[in-house]
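Structure first, commentary second.
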Amino acid sequence: MKLENLEKLLVHELKDLHSAEKQMLEALPKMADAATHPDLKKAFRDHLAETKTHVTRLESIFAGLDFQPGGHRCEAMAGLVKEGAGMISADADPTVRDAGLIAAAQRVEHYEIAAYGTAAALATKLGSHEIAATLRKTLEEEGKADRDLTHLAERVINFKALIA
């Protein structure tokens, strides 16, 4: 797709987000299985449920546009997922692996925060306020997931990894 105007750029960003979220639907169960701390397992499973909602929201946005969500692969997310897979298979103490899984997950969250923020700003500029509001809702959820991971790391996981 030629990016000839801001609307096409928004569609490109939405396709990228859709691909990223779909990749996370596959990665999160693996991360949950690899985690050893019950709170971390729960955080990954909870975020999986949220991610399903994010995909549904994006598909709802696409339903109102003259574009389909497929046909694009988010290479950035593919790289982040690959890094997360490396942490899953790393020869590491389980508590240290949990800390590494949080680090990998937070890189994903930060990417998503940037991407949703950009897409919401584009939608706002285009006057697509309903789309922007939907994207901001997901942006808030991604931010909360990042904060929850930080809290879990700082209060529990990193301490346990330190004494491993």
Pairs only if they're at least six apart or on different chains, beta carbon under 6 angstrom, first in region 104-133 and of a type in the set (Lys, Arg), second part of a helix (DSSP H, G or I) and surrounded by 18 or more Cβ atoms within 10 Å (Cβ to Cβ); list them, first residue then second.
-> 107/80
Would you pick out the residues in region 134-143 that are among the basic types (Lys, Arg) and without any contact (Cβ under 8 Å) to a residue 60 or more places away in the chain?
-> 136
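Report whether or not residue 156 is assigned to a helix (DSSP H, G or I), more than 13 Å from residue 20 (Cβ to Cβ), of a type in the set (Val, Ile, Thr) and in contact (Cβ under 8 Å) with a residue 40 or more places away in the chain.
Yes.
Yes/no matrix, rows are residues, columns are (1) surrounded by fewer than 21 Cβ atoms within 10 Å (Cβ to Cβ); (2) in contact with a helix residue (DSSP H, G or I) (Cβ under 8 Å, 6 or more places away or on another chain); (3) assigned to a helix (DSSP H, G or I); (4) not aliphatic (A, V, I, L, M):
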| site | (1), (2), (3), (4) |
| --- | --- |
| 7 | yes, no, yes, yes |
| 10 | no, yes, yes, no |
| 17 | no, yes, yes, no |
| 32 | yes, yes, yes, no |
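So that you can scan it fast, the table gives a plain yes or no per residue for (1) assigned to a helix (DSSP H, G or I); (2) farther than 23 Å from residue 60 by Cα:
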| residue | (1), (2) |
| --- | --- |
| 70 | no, no |
| 76 | yes, yes |
| 82 | yes, yes |
| 103 | yes, yes |
| 107 | yes, yes |
| 112 | yes, no |
| 138 | yes, no |
| 143 | yes, no |
Check on residue 146, in contact with a Leu (Cβ under 8 Å, 6 or more places away or on another chain) and among the charged types (D, E, K, R) | no
Over 24 Å from residue 12 (Cβ atoms), of a type outside the set (Lys, Arg), modelled with pLDDT of 95 or more and surrounded by 19 or more Cβ atoms within 10 Å (Cβ to Cβ) - does that describe any residue in region 80-87?
-> yes
Per the filter on region 46-61, residues of a type outside the set (A, V, I, L, M) and buried (at least 16 other Cβ atoms within 10 Å of the Cβ) are 47, 50, 51, 54, 57
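The values are calculated or read from the model by the stated rules, or taken from the named source; none is laboratory data. Given the structure is predicted, the values throughout are model-derived calculations rather than measurements. Quick reminder, even Gly has a Cβ in these numbers, built from the backbone with ideal geometry, and neighbours come from all protein chains shown.
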